[in-house]
Amino acid sequence: MIEAVGLTKSYGKTLAVDNLSFSVPTGRVTGFLGPNGAGKSTTMRMILGLDTPTGGSALIDGKRYRDLHQPLRTVGALLDAKWVHPNRSARAHLQWLARSNKLPAKRVDEVLEIVGLTAVAGKRAGGFSLGMSQRLGIAAALLGDPQVLLFDEPVNGLDPEGILWIRKFMHRLAEEGRTVFVSSHLLSEMALTAQELVVIGRGKLISQSSTEDFVAQATENTVLVRGPQLGHLRTALGQAGASVRDEGAGLVVSGMDCADIGELAARTQTVLHELSPQRGSLEEAFMQLTGDSVEYHTEIADAPTPATLVPAGK
Amino acid sequence: MTTLLATERIKLFTTRSPWWSAFLALGLTIGFAALVGLNHNGGPLTVEHSQFGMQFGLMVVSVMAALAITTEYRFATIRATFQAVPKRTSVLVAKTAVVAVLAAVIGEVAAFGSWVTTYAIDGGPEMAITTGADWRMVAGVGLVYAIASVISVAVGTLVRQSAGAISILLIWPLLVENLVQLIPGIGDDIHDWMPFTVAGRFLNGTGPDAPMGPWASLAYFAGVAAVLLVASLVVANKRDA
Amino acid sequence: MTLLAVERIKLFTTRSPWWCTLIALVLTIGFGALMAGTSDEAIAPLNVAATQFGYGFGLVVVMVMATLAITTEYRFSTIRATFLAVPNRPSTLVAKATVVAVLAAVVGEIAAFGSWGIAGAIKPNVDLAINTAYEWRAVAGVGLVYALSAVVAVAVGVLIRHSAGAIAVLLIWNQLVEPLVQLIPRVGDDIHKWMPFNIANKLVTGNPDPTTRDVLQGPPPSDAVLGPWPAIGVFAAFAAVLLGIAIVVANRRDA
Ligand SMILES: Nc1ncnc2c1ncn2[C@@H]1O[C@H](COP(=O)(O)OP(=O)(O)OP(=O)(O)O)[C@@H](O)[C@H]1O
Ligand SMILES: [Mg+2]
């Protein structure tokens, strides 16, 4: 359980994190979502006692990170896979970490095995590919078999196989009853990975809810109707209080579900070629909620809309 | 070439270390000139007094010049550079030229700034820049800084690491050149041919047993820089970026 | 104890300490050999102090090694990994300073006795027996000066956090500021007497009886007014204060 209360951080004039309060529950994967520069990494550094908050506090199981005894046994973190000396071997990197928290030396080989780096354990970490570095970072996070895990953008730059591996891995960690807190600016990824979402923009909390609720709240659910003659149906829908707009040859109906529309179509004797519910995409929800708080806007109008996504949910 | 020079100028001045270095070099040289001027007693202040801080500025400029290239290696911008302009020799020569010009400007401002400072404190006739030796002592500082910066860029290119390059560039003139002198028998002869010692003779006069006159000394110093620069160009061209 | 082991692993699983150790030993012992080989009995006979000519070389290389031990942690952000594993920053930094100082001391002793030994091997007929307290300090004292200088270097590294900056400050201070300060008219000599590295040198070069000590016989003598042992005490205090400041700063600062 991680709890942030009124967390605030300013760097000179920049207010990176602004009075942020949220909690991360046990046994779930909680996504930490926000556009670039929203303050996700800063928040994670404050949770981990690396940066001192300007105000507020972050507690892990009721304690500040810097008060934890042998913290690697309680919290594992991967903030940046590059936090390794390039000339040190993967094994040496894990060895000094293990030693610092009095973890048995054989634990090093165990975690190397878990992340699949056993074969290259003696190689210098500077020569690792991004995916290997990321695995080494995860090995370091798992070293103390911690109950709480924090990952900052763990899939950044990984290939599909790597992404899938990490996603499954996090689900497994949560199923084992651990607290998993993962940040990302990629909604599509979070939709598949996270069950809970903490969404921030410009350092402020936008919402905390389950991923499903987040999508449901933020997007309107619509139904696409297509057919050769939709005139009567259109009038009837309007009378029934649904709102209708044209899309190509079809209609997009909101405020009425498929069953009701189908019955209305039967009553007006309309031939239908398609009657399909449109799920709101996470991207849309995200843009809607964080739209005002994106720090760096791009000037591309009509950006292609990403594919519709189904939330992971449990 | 003008494009390359402009590119390198932009790269140099959009990072902070040249500004810091210029600031430090000027602060140290002019500050020491003031310190010496104010504490001086017995005999008039001379031009030589004003240039007391020359070596501080020289070391700072050497560090700045080395960083100009080693930070490129550190942040792998050297790859972006070689990608944009695959002619590595031209790129490195342009960089060296830009750094050398900056070093020369810092040197001249430092030298004349120091001179003006001591002159303002106590400007007697001994402070006037009249002889050729006086001119070399003050106006020559820019030349020495520029050549030294070429050596730094060359060493930086060869070593590619800030820490290593800077250690070499500081330990060499400050320690190696002084200590060889102490070797019994041959020490003095070796010392006479040490590049920074020779450069110092260009500025401060050659003395009775110097092997070369002032301008020949400067040419020798420049020759050392040229050899190192060529060596670094050859290596940079052969090596993977 | 755990922290010392951690810092030891960290130090010896990178390459720079090995390189620096090698360079320091080659330079000091090489210089000792050079002095011995070129010494001329007629002009200035070799003595124990003269075998330690490379002392200054070793010192700067050791300081570079000590600086890199901490600045590379900042450069590669392993300092953050360290503070995640051990959030108690003061003990971590004290442990690092200790490990680095011990290595510096070992390098210093090997360098000093190595130089002395090689000189003895080259000139077996010259009496190089270490008898007096001065001769003992001149050789065995090297390790102590290196160790304390390494602590100074770690502190400066913590404060500046960049290899280039920290090395430049240390080398320019040690090799340029201290000797040049002396040349400032009127006040220069008095300032120089209290410069930290000049004080530290007193342990190695300070002879209770300066008349028996030729400048050519060993590294340039220190003009510190303190006796050799009080001098090294002052230098130790200086190192401790710098380290203390560095720890306070590191503890307050974002990692
Ligand atoms: N050390 C620092 N000094 C000054 N400003 C900083 C520092 N760290 C972060 N910031 C600023 O704080 C804000 C939040 O940055 P942060 O890195 O936490 O964002 P983020 O949500 O992790 O973004 P991204 O998705 O790009 O990783 C940004 O405006 C950033 O410029
Ligand atoms: Mg981030």
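The values are calculated or read from the model by the stated rules, or taken from the named source; none is laboratory data. The structure displayed is predicted, hence computed values, not measured ones. Cβ placement follows ideal geometry from the backbone for every residue including glycine, while neighbour counts extend to all protein chains displayed. The area values use the complete protein model at the heavy-atom level, side chains included, leaving out ligands, DNA and RNA. Shrake-Rupley method; radii C 1.70, N 1.55, O 1.52, S 1.80 Å.
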- Item | Amide hydrogen neighbours beyond the local backbone of residue A:278, cut-off 5 Å, H modeled | A:222, A:223, A:224
- Per-pair calculated FRET efficiency, R0 = 25 Å: residue B:16 and residue B:116 via Cβ, rounded to 0.05: 0.35
- Net dipole in debye of the stretch A:1-132 [+1 Lys, Arg Cβ; -1 Asp, Glu Cβ; about Cα centre; nearest 20]: 420
- Query: Is chain A best put as rounded, prolate or oblate by its Cα gyration tensor, with a ≥ b ≥ c the root eigenvalues, rounded for a/c under 1.5, and otherwise prolate when a/b is larger than b/c, oblate when not?
  - Reply: prolate
- Debye log10 I(q)/I(0) at q = 0.05, 0.09 Å⁻¹ for the protein assembly as shown, Cα point scatterers: -0.38, -0.98
- Message: Sequence gap at least 6, Cα distance under 8 Å: using those rules, report the relative contact order of chain C to the nearest whole percent.
- Response: 25
- Of A:13/A:40; A:123/C:10; A:40/A:123; A:123/B:95; A:168/C:10, which sit over 27 Å apart, Cα to Cα? A:40/A:123; A:123/B:95; A:168/C:10
- Task: Pick out, from C:52, C:81, C:98, the residue whose Cα sits farthest towards the positive end of the charge dipole of the stretch C:2-252, with +1 on the Cβ of Lys and Arg and -1 on the Cβ of Asp and Glu.
- Result: C:81
- Item | HN-Hα J in Hz across the stretch B:117-133 - Karplus 6.51, -1.76, 1.60, θ = phi - 60°, x for Gly and Pro | 4, 5, 4, 5, 6, 7, x, x, x, 5, 8, 5, 8, 10, 6, x, 5
- Query: What nm value, rounded to one decimal, do you get for the distance between residue C:186 and residue B:80 when each label is placed 7 Å out toward the C-beta?
  - Reply: 5.2
- Query: With the Cα gyration tensor of the stretch A:220-279 giving a ≥ b ≥ c as the square roots of its eigenvalues, does the rule (a/c under 1.5 for rounded; else a/b larger than b/c for prolate; else oblate) give rounded, prolate or oblate?
  - Reply: rounded
- Item | Cα-Cα P(r), the stretch B:163-239, percent of pairs per 5 Å interval | 3, 15, 19, 22, 19, 12, 6, 3, 1, 0
- Would you rank A:213, C:127 by solvent-accessible area, highest first, keeping every protein chain in place and using a 1.4 Å probe? C:127, A:213
- 9 Å beta-carbon shell around residue B:40, net charge (K/R +1, D/E -1): 0
- Note on the structure: In chain A the accessible area split gives carbon plus sulfur, as whole percent at 1.4 Å, a share of 50
- Can you tell me the relative contact order of the stretch B:1-155? Whole percent, Cα pairs under 8 Å, sequence separation 6 or more. 36
- Item | GNM top mover of C:98, C:14, C:51 - chain C, alpha-carbon springs below 10 Å | C:14
- Message: Net charge within 11 Å of residue C:154 by Cβ-Cβ distance, Lys/Arg positive one each and Asp/Glu negative one each, not counting residue C:154 itself?
- Response: -1
- If the cut-off is 18 Å between C-alpha atoms, which aspartates and glutamates fall inside it for residue C:96, apart from same-chain ones fewer than 8 positions away? C:7, C:73
- Message: If you take every residue apart from residue A:98 with its C-beta less than 13 Å away from the C-beta of residue A:98, what net charge results, scoring Lys and Arg +1 and Asp and Glu -1?
- Response: +4
- Message: Give me, ordered by chain and number, the residues 5 or more places off residue A:179 or on other chains with an amide H under 5 Å from its own placed amide H.
- Response: A:27, A:148, A:149
- Using all Cα-Cα distances in the stretch B:96-196, what percent lands in each 10 angstrom bin from 0 up to the longest? 14, 30, 32, 21, 3
- Solvent exposure of the stretch A:139-262 as accessible area per residue, Å², 1.4 Å probe: 42
- In chain C, which helices (entire DSSP H runs) extend 18 Å or more along their own long axis, judged by Cα positions, while averaging at least 0.5 on the Kyte-Doolittle scale? C:16-38, C:55-75, C:89-122, C:133-160, C:228-252
- Rounded to 10°, Cα long-axis angle of helix A:106-115 versus longest principal axis of chain A: 30
- Can you give me the three principal axis dimensions of the stretch C:2-252 from its C-alpha atoms, in Å, biggest first? 63, 44, 28
- Query: Amide H to amide H, which residues 5 or more places from residue A:20 or on other chains are under 5 Å from it, using H placed in the peptide plane?
  - Reply: A:6, A:7, A:8
- Message: Of the candidates B:175, B:24, B:143, which one comes out as most mobile in a Gaussian network treatment of chain B with C-alpha springs shorter than 10 Å?
- Response: B:175
- Most mobile of A:43, A:268, A:118 in a GNM of chain A (Cα contacts under 10 Å): A:268
- Under the definition of Cα pairs under 8 Å and six or more residues apart, what whole-number percent is the relative contact order of the stretch C:98-173? 43
- Note on the structure: Only helices counted: for chain C, with every DSSP H run of 4 or more residues adding -39500 (n - 2.57) and the sum spread over all residues, [θ] at 222 nm is -23500 deg cm²/dmol
- Query: Relative to the Cα centre, what is the charge dipole magnitude of chain C, using +1 at the beta carbon of each Lys and Arg, -1 at the beta carbon of each Asp and Glu, and rounding to the nearest 20 debye?
  - Reply: 1160
- Task: Please identify which residues in the stretch C:152-188 have an amide N closer than 18 Å to a label point set 7 Å out from the Cα of residue C:245, following the Cα→Cβ vector.
- Result: C:152-162, C:165-175, C:177-178
